[in-house]
Each structure stands twice: as C-alpha cells, then as structure tokens.
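Below you'll find the structure, written out as structure tokens, and then a few comments.
The values are calculated or read from the model by the stated rules, or taken from the named source; none is laboratory data. Predicted model, so just to flag it, every value in this text is computed and none were measured. Ideal geometry is used to build each Cβ from the backbone, glycine not excepted, and the neighbour counts take in all protein chains shown.
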Amino acid sequence: MSTSTTRPTRSSVGLRSERGPILLAVMVSLSLVAIDMTILATAVPSVVKDLGGFEQFPWLFSIYVLATAVTTPLYAKVADRLGRKPVMIAGIVAFLVGSLLCGVAWSLTALIVFRAIQGIGAGAIQPMAMTIVSDIYTLEERAVATSYVASVWATAAIVGPTLGGVFADYLDWRLIFLINLPVGAVALWLLRHFREDRRPAADPQAIDWAGAGLLTVGGIALLLGLLEGGHAWGWASPVSLAIFALGLGALVAFAFVERRAADPVLPPWVLSHRVLAPANAASLIVGVVMLGLTTYVPLYAQSVLGHSALVAGFALAGMSIGWPIAAATAGRIYLSRGFRTAVGLGALLVLLGGAVLATVGESSSFWHLAIPCFVLGLGFGWSVNPGVVAAGSAVDWEVRGVATGSNMFARSVGSALGVALFGAVANGLVRSEYAGGEVPPLEALPPDVLAPALHVVFLVGLAVSVPLLVVAWRTPVRIRQD
C-alpha cells in the first residue's frame with residue numbers, strides 16, 4: 001500500500017479557487033453533528049416530561065452512537081468507490097429526515113428510533129468532512145484548514161447547550177431537531193461548489209457485501225453489549241452473554257472473509273499501516289478516556305461538590321474548548337517539529353490533566369475540575385488531530401475514505417469501551433459498599449460513598465492514558481508526499 005499522497009488537482013477536486021466555499025460547506029455540514037452532540041442533553045427533562053419513558057431516555061444517546069459507529073466504515077468504503085460528494089449528500093439527507101421525524105415524535109420509543117436515523121446520517125458526515133479536507137488541501141494547507149474545522153466544535157460546545165436550554169425552557173424542545181432543517185439546507189446548497197471526477201460505479205457483484213453485513217452485525221452486537229450490558233441487563237445475564245457471543249462470532253467471521261475478499265470493506269492493512277495504526281490507537285484511547293470524563297466529571301461536580309447542573313456543565317466545557325484550540329494550533333507543531341512531537345506533547349498533557357483530576361477531593365473548588373478538563377482537552381486535540389491529518393496524507397485518494405473512516409470508527413469503539421470500563425469500576429465499587437443490599441442510582445448516592453468510587457474512576461482514566469506515550473513513539477516524524 002502506498003504511503004504517499006496524491007496532491008489535489010483541478011480534475012479531482014474541482015476548481016481550486018472554489019476551495020473556500022467547499023470548506024464552508026464542510027463546516028456547515030459538520031455543525032449539524034457537532035451541535036447535535038451537545039444540544040439534546042440540556043433538554044432531556046423536558047423531553048421526558050412531555051413524552052414519558054424516563055427509563056428509556058439513555059437510549060436517545062446510545063442508539064445514536066451505535067448507528068454512527070457501525071455505518072462509518074461502510075460509508076468510508078463507498079466514498080472511495082463512488083466519490084465523497086454523493087456520500088456526504090446522502091448523509092445530510094438521512095440526518096435531516098431523522099431530524100424532521102424527531103421533531104414530530106409522538107413517544108419516546110419513536111424518538112429513539114428516529115435518533116437512530118440521525119445517527120445513520122452522522123456516520124457519513126463526520127468521516128466525509130475530514131476526507132474532503134484531505135482531498136482539496138495539501139499537508140501544509142491542511143494545518144490552517146483544520147483550524148477552521150476545529151472552530152465548529154468549539155462553537156458547538158457553547159451554542160449547543162445554550163440553544164438546548166432556551167428551546168426547552170422557553171420555546172419547544174422539538175426545535176432542537178427542527179433547527180437542523182435550515183442548517184442542512186444551507187449545507188446542501190453550498191455543496192454545489194464541490195465538483196470531483198466521477199468514479200465508475202462499483203459493480204454490485206464486486207462489493208464486499210458479506211464483509212459489510214458481518215461488520216454491521218458484529219459491530220451492533222458488540223457495541224450494544226458494551227453500551228447497555230453494565231446497567232440494562234447485567235454483564236453475566238443471558239442477554240449480555242448472547243449479544244457478546246453473537247458480536248464476537250460475527251467479527252471472527254468478518255476477519256476470515258476480509259482476508260479473502262477482493263476489495264474488503266475494512267482492509268486488514270489498516271491495522272498494520274505505519275501511519276494509520278498509531279493514529280487509530282490514539283483515537284481509540286482518547287475515546288475511552290473522554291467518555292469517562294464526559295460521564296463522571298459532571299456527576300462529581302453535582303453530587304459530591306454540590307454544584308448546579310449548569311456549573312457542572314461549565315466544568316466539562318473546558319475540555320470541549322481545549323480540544324478545538326489544540327486542533328487549531330497542532331499544525332504549527334507537526335509542520336515544524338513533526339507528527340511524533342505533536343502527539344507526544346498531547347500525550348503528556350493528557351497525563352498531566354488526568355493526574356491533577358485524580359487529586360480532586362470533597363472540598364475541592366470548581367476550578368480543580370475545570371482546569372484539568374481544559375488541559376485534557378488540549379491533550380486530546382494534540383493526540384488525535386495530527387493523526388487524522390497524517391492518515392489523510394499517507395494514502396492515495398482511492399483509499400483515503402477508508403483511512404479516515406477507520407480513525408472515526410476507532411474513536412466510537414473507544415467510547416463504547418469507556419462506557420463498559422468506567423461503568424463497571426464505578427458500579428462495582430459502589431455495590432461493595434452496600435454489601436449485597438439495594439444500591440441507589442449513582443446520582444442519589446451520598447458524597448462519602450460516591451467520592452471514593454469516582455476517585456478510582458479518575459485513576460483508571462489516568463492509567464488508560466499511559467499507552468498514549470507508546471502511540472506517540474510509534475507515530476512517524478514526517479509523512480512523505482509526492
């Protein structure tokens with residue numbers, strides 16, 4: 001597999017003078033996903049009050065993550081066959097259809113189903129955004145272009161919760177989903193500037209349908225088991241065991257099929273590529289750690305330190321702001337000092353932020369949570385974003401979608417692993433305190449029980465971050481280009 005990249009040409013990505021509108025189209029498209037990740041959380045009480053089904057509401061998030069994760073590799077492969085534009089448009093349309101249906105949902109069950117449709121659309125938008133940026137910009141130009149893309153996430157970290165709160169408290173929570181319709185229309189209109197060479201349509205008989213089906217079944221089963229097994233069914237329950245057996249069996253079969261497929265949907269070389277392997281490993285680790293922070297930092301702020309939900313959200317917002325800042329500045333580091341240095345600095349910051357967070361106590365201030373979260377956000381940005389850029393630069397157009405998609409897929413799998421790992425640690429420690437008696441929900445536990453459990457959770461997050469140093473060491477210093 002080639003480790004060089006084909007520079008953008010007029011014939012492959014359209015007029016170079018039109019790259020600005022193309023980048024704007026990418027940013028607007030990505031804003032659909034970025035804002036959606038934060039806008040719903042603040043409105044959950046209003047949604048549940050209107051539709052009922054409190055026990056089901058975690059599925060609003062789990063089903064979205066699940067649908068996004070399992071479809072990402074499939075979209076990435078199709079984009080390498082048919083081009084980025086049709087896949088991006090299909091993703092936006094699916095996301096808008098899901099948003100419209102969410103806006104008219106008549107029950108929480110219906111809303112959960114329609115959130116899955118949104119997730120199916122998001123599975124195309126996220127990898128295509130970074131793949132298109134890699135297509136139309138050289139490595140040096142991409143350092144600047146990715147800073148604009150990163151600003152979308154920084155803006156979403158502030159705009160999303162604010163809009164969600166305003167819609168839920170003063171207007172109607174359904175606007176959380178309906179607001180996507182005009183934004184998506186603008187994205188589709190801007191994409192008219194994106195012209196790429198038509199690739200011959202793939203022969204339906206040549207598509208790796210068996211591999212795609214096995215990956216979908218295995219991915220859904222494994223991620224579903226990780227997302228819900230710890231609290232919905234229990235790890236040792238027959239349901240969990242059956243789901244994990246199905247997932248592992250399908251993935252083992254997938255591995256055998258891919259070794260023999262003429263054009264595999266997720267090629268085995270992705271796992272051993274000198275650039276993609278460390279980049280994907282960094283995304284996997286960050287996905288694990290970030291999920292733990294997103295879940296348990298606000299819980300610590302509210303249930304142990306006694307802050308309001310709004311203040312707890314601000315503590316976590318430091319991470320959401322730190323990541324885009326790092327992504328916007330990472331280019332200066334990897335262009336001057338190399339990719340290994342950028343990822344190494346990110347790993348050190350993650351360890352520093354995690355170490356400070358692990359010292360938080362019951363008498364700690366708000367800033368004792370917020371500052372390490374900001375440092376961790378910087379570390380995440382410098383650990384992951386250089387790898388995404390390197391992955392898009394290290395392969396040719398024909399496999400760039402798969403390269404970028406595998407990175408996004410790794411982060412999604414990491415998030416699911418984080419749910420399982422941190423949930424098992426927190427719940428296991430709490431159960432040991434109640435000696436077999438009835439255990440209250442985490443948010444209802446007294447601080448003297450919850451604080452020690454979450455302290456161990458933060459220590460586990462720090463331990464999981466240590467392999468980032470190995471990933472940095474394995475990251476190439478430079479990426480050779482034609």
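General remarks:
- Where helices (runs of 4 or more DSSP H) fall wholly inside region 63-178, the ranges with 1 or more residues that are farther than 30 Å from I333 by Cα and basic (K, R) are 84-103, 108-136.
One line per residue, one yes/no per condition, for (1) of a type in the set (V, I, T); (2) surrounded by fewer than 24 Cβ atoms within 10 Å (Cβ to Cβ); (3) within 11 Å of L226 (Cα to Cα):
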| position | (1), (2), (3) |
| --- | --- |
| V402 | yes, no, no |
| G405 | no, no, no |
| M408 | no, no, no |
| L429 | no, yes, no |
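- Figure legend. Inter-residue proximity from region 330-341: first residues under 17 Å from Y148 (Cβ atoms) and aliphatic (A, V, I, L, M), second residues crowded, with 17+ Cβ neighbours inside 10 Å and at pLDDT 85 or above, beta-carbon distance below 7 Å, spacing 6+ or different chains. Indicated pairs: A330/A342; A330/G381; A330/W382; A330/P386.
- Within region 385-426, the set of residues being over 17 Å from the mean Cα position of the chain (by Cα) and polar (S, T, N, Q) comprises just one member, S393.
- Identification of helices (runs of 4 or more DSSP H) wholly contained in region 384-482 with 3 or more residues that are modelled with pLDDT under 85 yields 397-434, 447-465.
- Of the residues making up region 352-364, those that are touching a residue at least 40 places away in the same chain (Cβ under 8 Å) and within 20 Å of S320 (Cβ to Cβ) are G354, L357, V360.
- Hits in region 318-337 - residues which are touching a Pro at 6+ places or on another chain (Cβ under 8 Å) and either outside the structural domain of A370 (by TED's automatic domain parsing) or among the aliphatic types (A, V, I, L, M) (or both): A330, I333
- Beta carbons closer than 9 Å, at least 6 apart along the sequence or on distinct chains, pair a first residue in region 261-281 that is crowded, with 19+ Cβ neighbours inside 10 Å with a second that is polar (S, T, N, Q) and part of a loop (DSSP other than H, G, I, E, B) for H273/T3; V275/T3; V275/T475; P278/T475; A279/T475.
- When A262 is tested against the conditions (1) assigned to a helix (DSSP H, G or I); (2) farther than 21 Å from S412 by Cα, the lone failure is (1).
- I92 being farther than 28 Å from L226 by Cβ and at pLDDT below 90: no
- The listed residue being farther than 20 Å from I220 by Cβ and surrounded by fewer than 24 Cβ atoms within 10 Å (Cβ to Cβ), out of V113, V26, V133, V97: V97
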